[in-house]
1. Would it be correct to say that residue 173 is crowded, with 21+ Cβ neighbours inside 10 Å, more than 19 Å from the chain's Cα centre (by Cα) and under 28 Å from residue 42 (Cβ atoms)?
2. Go through (1) out of contact with any strand residue (DSSP E or B) (no Cβ under 8 Å at 6 or more places or on another chain); (2) farther than 16 Å from residue 54 by Cα; (3) assigned to a helix (DSSP H, G or I) one by one and return the number of the condition residue 245 breaks.
3. Within the stretch 157-193, can you find the residues that are touching a residue at least 24 places away in the same chain (Cβ under 8 Å), out of contact with any strand residue (DSSP E or B) (no Cβ under 7 Å at 6 or more places or on another chain) and part of a loop (DSSP other than H, G, I, E, B)?
4. Write out, first by first residue and then by second, each pair whose Cβ atoms fall under 6 Å of each other, whose residues are 6+ apart or on separate chains, and whose first residue, in the stretch 209-235, is in contact (Cβ under 8 Å) with a residue 60 or more places away in the chain and on the phi < 0 side of the Ramachandran plot while the second is assigned to a loop (DSSP other than H, G, I, E, B) and surrounded by 22 or more Cβ atoms within 10 Å (Cβ to Cβ).
5. Report, by residue number, each residue of the stretch 15-34 that is touching a helix residue (DSSP H, G or I) at 6+ places or on another chain (Cβ under 6 Å) and more than 27 Å from residue 101 (Cβ to Cβ).
6. Can you name the number of the only condition in (1) touching a helix residue (DSSP H, G or I) at 6+ places or on another chain (Cβ under 7 Å); (2) within 16 Å of residue 350 (Cβ to Cβ) that residue 321 fails?
7. Within the stretch 125-140, restricting attention to residues that are assigned to a loop (DSSP other than H, G, I, E, B) and surrounded by fewer than 17 Cβ atoms within 10 Å (Cβ to Cβ), which residue is nearest to the chain's Cα centre (by Cα)?
8. Go through (1) part of a strand (DSSP E or B); (2) surrounded by fewer than 18 Cβ atoms within 10 Å (Cβ to Cβ) one by one and return the number of the condition residue 101 breaks.
């Protein structure tokens, strides 16, 4: 979206306004930043169930007999070995191994679906189409909405209105019926909590959101708490912690480079990523625990003595830990745990130390 373009409205725009949401431009749309406040919404999601609108994300359909093979020229994940209803986190890379976007790919049986970042979806579509064979097609499902129900009580809530979703485990998905409407439900999300993402036709989105919100265990939650939750979970955000100048090894995302595909190669960025895995990288995405109450924001310089050793890419106050936390790219020799460092915030140095991520343990449901 250029500066002179007005942000668009998503299917739930009026629904958010009726609930008193504070709306802000985000990823080309007007989105709810908060309803009652970022901290109470954050804490409610940690303890109960929060309902998020993530309809700005791009929902793409990849169809054709060669779809898996074509996707494997783009993604470092094993697509042909992905079972029906299974999901996988992966990356779009350039030839230098830089990250063009991170995404989720799912085997829907007769096609593959990709969920890509809202701010990057049009660039992703163009990039993917350039690399697909004539036998494979890409459809942007712009008429669909996407809701996320996140938190420890989300299963109990959703099972009441969509029976059967409790059979799902983390990173699995399926089709379910709700009041005569077909839903695609995945057990996933970007808060670090157990939860579900629900793809629904835009025309049915407000009716479904109302049905979920009737449960007293659910409250609507905005972008502000989504960001603080994902930061506590040590989850990188594209455009901040990830980008074309950042590679998967430095980003701590080597797990997204499938061991099978590392051996086979044949994907964009393979040569560059192989060199980095063999030779090492100059910097590493690292967690920082900060003393005091003053948060460090994106761009803040990190020092060891007089030597600048990195920059913060995401930072804020952690409602769960009751202190500031941050993610930063640090020179590799300063990225090991318990390194004493300082961050320059508002003209003064604040003490910090490196810590493993996530800052708050993930609570994904992987089965009993």
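The numbers here are math on the coordinates, done by the rules we state, and not lab data. Not measured: the values here are computed from a predicted model. Ideal geometry is used to build each Cβ from the backbone, glycine not excepted, and the neighbour counts take in all protein chains shown.
1. On the way: crowded, with 21+ Cβ neighbours inside 10 Å: yes; more than 19 Å from the chain's Cα centre (by Cα): no; under 28 Å from residue 42 (Cβ atoms): yes.
Spelling it out, it is not the case that residue 173 is crowded, with 21+ Cβ neighbours inside 10 Å, more than 19 Å from the chain's Cα centre (by Cα) and under 28 Å from residue 42 (Cβ atoms).
2. Only one criterion in (1) out of contact with any strand residue (DSSP E or B) (no Cβ under 8 Å at 6 or more places or on another chain); (2) farther than 16 Å from residue 54 by Cα; (3) assigned to a helix (DSSP H, G or I) is unmet by residue 245, namely (3).
3. Within the stretch 157-193, 169, 170, 179, 190, 192 meet the criteria.
4. Partner pairs satisfying both residue conditions: 229/191; 233/192.
5. 15
6. Only one criterion in (1) touching a helix residue (DSSP H, G or I) at 6+ places or on another chain (Cβ under 7 Å); (2) within 16 Å of residue 350 (Cβ to Cβ) is unmet by residue 321, namely (1).
7. Our first condition is that a residue be assigned to a loop (DSSP other than H, G, I, E, B); within the stretch 125-140, this holds for 132-136.
Narrowing further to those that are surrounded by fewer than 17 Cβ atoms within 10 Å (Cβ to Cβ): 133-135.
Values: 133: 28, 134: 30, 135: 30 Å.
Only one residue fits best here, namely 133.
8. Of (1) part of a strand (DSSP E or B); (2) surrounded by fewer than 18 Cβ atoms within 10 Å (Cβ to Cβ), only one is false for residue 101: (2).
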